[in-house]
1. Can you spot a residue in the range 50-62 that is touching a residue at least 40 places away in the same chain (Cβ under 8 Å) and under 16 Å from the mean Cα position of the chain (by Cα)?
2. Quick check: is even one residue across the range 36-46 touching a residue at least 60 places away in the same chain (Cβ under 8 Å), out of contact with any strand residue (DSSP E or B) (no Cβ under 7 Å at 6 or more places or on another chain) and open to solvent by less than 60 Å² (accessible area, probe 1.4 Å)?
3. Restricting attention to the range 47-65, which residues are exposed (fewer than 15 other Cβ atoms within 10 Å of the Cβ) and hydrophobic (A, V, I, L, M, F, W, C)?
4. Just checking, does the range 7-27 include any residue being surrounded by 13 or more Cβ atoms within 10 Å (Cβ to Cβ) and in contact with a Leu (Cβ under 8 Å, 6 or more places away or on another chain)?
5. Which members of the range 59-86 meet the condition of being within 17 Å of A33 (Cα to Cα) and either polar (S, T, N, Q) or in contact with a Pro (Cβ under 8 Å, 6 or more places away or on another chain) (or both)?
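The values are calculated or read from the model by the stated rules, or taken from the named source; none is laboratory data. Since this is a predicted model, take the numbers as computed values, not measurements. Using ideal geometry, Cβ is built from the backbone for each residue, glycine included, and neighbour counts are taken over all protein chains shown. The area values use the complete protein model at the heavy-atom level, side chains included, leaving out ligands, DNA and RNA. Shrake-Rupley method; radii C 1.70, N 1.55, O 1.52, S 1.80 Å.
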Amino acid sequence: LPVVLLQAVTAAGWFRLNGMWPARQGIALAFLAGVVADIGLLATDADQAPTVLIGAVGVWILLVVVLQLRSRSTPDERLYGLTAAA
């Protein structure tokens, strides 16, 4: 529970630190990525940990790119959002 709470605060704080407040979709995706990585690490053996983390990061990057491609903001704002989220 403390790790999940820390992940939620960190996800929200990161987007606020980068001047992207409120960024509800990015915060939700960052938090969800952390929770999925936690569940994956708890559900697998220790020797599979790198695979789980690489998979979680890969899916996270894919979702961030799709989210930014669907954004209606200016190209500069989309690039800034992409770099902050990734």
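1. No, the range 50-62 contains no residue that is touching a residue at least 40 places away in the same chain (Cβ under 8 Å) and under 16 Å from the mean Cα position of the chain (by Cα).
2. Within the range 36-46, none of the residues are touching a residue at least 60 places away in the same chain (Cβ under 8 Å), out of contact with any strand residue (DSSP E or B) (no Cβ under 7 Å at 6 or more places or on another chain) and open to solvent by less than 60 Å² (accessible area, probe 1.4 Å).
3. A49, L53, I54, V57, I61, L62, V65
4. There is at least one residue in the range 7-27 that is surrounded by 13 or more Cβ atoms within 10 Å (Cβ to Cβ) and in contact with a Leu (Cβ under 8 Å, 6 or more places away or on another chain).
5. Passing the criteria: Q68, T83.
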